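Read-outs throughout are calculated quantities, based only on the coordinates presented, and are distinct from any laboratory measurement. Fair warning: this is a prediction, and the values are worked out from it, not measured in the lab. Neighbour counts are summed over all protein chains in view; Cβ atoms, including those assigned to glycine, are modelled from backbone coordinates with ideal geometry.
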Amino acid sequence: MNKTVNLVIGLAAGAAAGVLTGILVAPNKGSRTRKKLMRKTRKMTNEVSKSIHKKLDDLEDQVKHVKDKTEAEIKAKAEQVKQTINNKIDKEAHKVSSN
């Protein structure tokens, strides 16, 4: 996850640097440059937001998979313990009834 966060931050920083460079060298007047900046900022924000949501969805899927797998393993182990206890009870009951 840490690599993903760093990637998203790096992409956002790179895009911001590109936009800033474009503004500084733009031959347009101020009002037009501001509109252009707002459009690019919205676009970049949407892209970053989509990327974050995608990563969160992927993470949620991974967590669900681990949860489901862990629950199945716990149920299997509980059944195994239950069977072991029942076998010991039966064995002891058999000893008692034999005496």
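Some points to look at:
- Take the conditions (1) within 20 Å of the chain's Cα centre (by Cα); (2) not in a helix (DSSP H, G or I); residue 62 misses just one of them, which is (2).
- If you go through region 35-59 and pick out every residue that is over 17 Å from residue 20 (Cα atoms) and polar (S, T, N, Q), you end up with 3.
- Of all residues making up region 19-66, the number that are among the hydrophobic types (A, V, I, L, M, F, W, C), farther than 29 Å from residue 4 by Cα and in contact with a Lys or Arg (Cβ under 9 Å, 6 or more places away or on another chain): 1
- Selection count where residues are in a helix (DSSP H, G or I), exposed (fewer than 14 other Cβ atoms within 10 Å of the Cβ) and of a type in the set (A, V, I, L, M, F, W, C), scope region 16-48: 5
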